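A short write-up of the structure that comes next.
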Amino acid sequence: MVPVVVIRPQPGCDATVTAARELGLAARAFPMFEVHAQDWTPPDPDSFDALLIGSVNALRHGGAGLTTYHSKPAYAVGATTAREAQAAGFELAGVGEGGLQAMLCALAPGHRRLLRLSGRERTVLVPPPGVTLVEYTVYVSEPCPMPGDLIDLLRNGALVLVHSGEAAQHFSAQCDMHRIDRSGVAIAALAPRIAEAAGHGWHSLETASAPRDQALLALAQQMCQNRGGSDA
């Protein structure tokens, strides 16, 4: 059975591993990032019409400053982020699955001034005409060295699930640093930009049909059955 490796930060790493094992995949958790809160000073809530939240980590690590904006509606990307936003006391203005940029193009007419709470490394967004976007860093995701157990596993071949462009770049660099042969490693990426960030030379490189964990796991199932599909 092809080993499936999940490298996203906790607690998402364990959640993905659990879901993968329920599908019969031989999944193991090797989180290669640690998420920490970032000190920030909440700006005046009257300066904004709504919040834009693209990661559950903004809610888990935003701290007491989040309560400043409980009167503001929130746009959340992903079902998990939406649930966490509601649990944190926010009223949802919209839930998106196609990424933050797509959500920016589906705003309510009265939401012209947005506050984006995010990590230090984030996707560059282009607001539509008439919309202003102010960004605040409320958490940081620090890369970790590749553990020895993972190095040994990858040298014997594995399928790696990659959830972000930053993770793709860090994983690729670590493989090169430890002289891991890319041709023995398959990559399942959550989105096209993540696949692009992973680079070339892998046994196979495939992209999920939608930027959701369920779609990524379905892809992993298929890739394990096919042992990787076409060469990257």
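The values are calculated or read from the model by the stated rules, or taken from the named source; none is laboratory data. Note that the coordinates shown come from a computational prediction; the quantities given were computed from them, not determined experimentally. We place every Cβ from the backbone using ideal geometry, glycine too, and count neighbours over all the protein chains shown. The area values use the complete protein model at the heavy-atom level, side chains included, leaving out ligands, DNA and RNA. Shrake-Rupley method; radii C 1.70, N 1.55, O 1.52, S 1.80 Å.
Is it the case that some residue within the stretch 25-45 is buried (at least 21 other Cβ atoms within 10 Å of the Cβ) and charged (D, E, K, R)? The answer is no; no qualifying residue exists.
Checking ASP149 against (1) charged (D, E, K, R); (2) surrounded by 15 or more Cβ atoms within 10 Å (Cβ to Cβ); (3) modelled with pLDDT of 95 or more, only one condition comes out false. Which one? Against the list (1) charged (D, E, K, R); (2) surrounded by 15 or more Cβ atoms within 10 Å (Cβ to Cβ); (3) modelled with pLDDT of 95 or more, ASP149 comes up short only on (2).
A residue that is open to solvent by less than 40 Å² (accessible area, probe 1.4 Å) and within 24 Å of ALA220 (Cα to Cα) occurs somewhere in the stretch 97-116.
In the stretch 84-186, counting only helices (runs of 4 or more DSSP H) that sit wholly within it, the ones holding 2 or more residues that are more than 20 Å from ARG212 (Cα to Cα) span 148-155, 165-177. In summary, strands (runs of 3 or more DSSP E) completely within the stretch 19-67 and bearing 3 or more residues that are over 30 Å from VAL5 (Cβ atoms) occur at 50-53.
Taking the stretch 187-203 as the range and being more than 25 Å from GLN214 (Cβ to Cβ) and open to solvent by 30 Å² or more (accessible area, probe 1.4 Å) as the test, the residues that pass are HIS200, GLY201.
Yes/no matrix, rows are residues, columns are (1) farther than 20 Å from HIS170 by Cβ; (2) at pLDDT 95 or above:
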| residue | (1), (2) |
| --- | --- |
| ALA189 | no, yes |
| LEU205 | no, yes |
| GLN214 | yes, no |
| LEU217 | yes, yes |
| ASN226 | yes, no |
| GLY229 | yes, no |
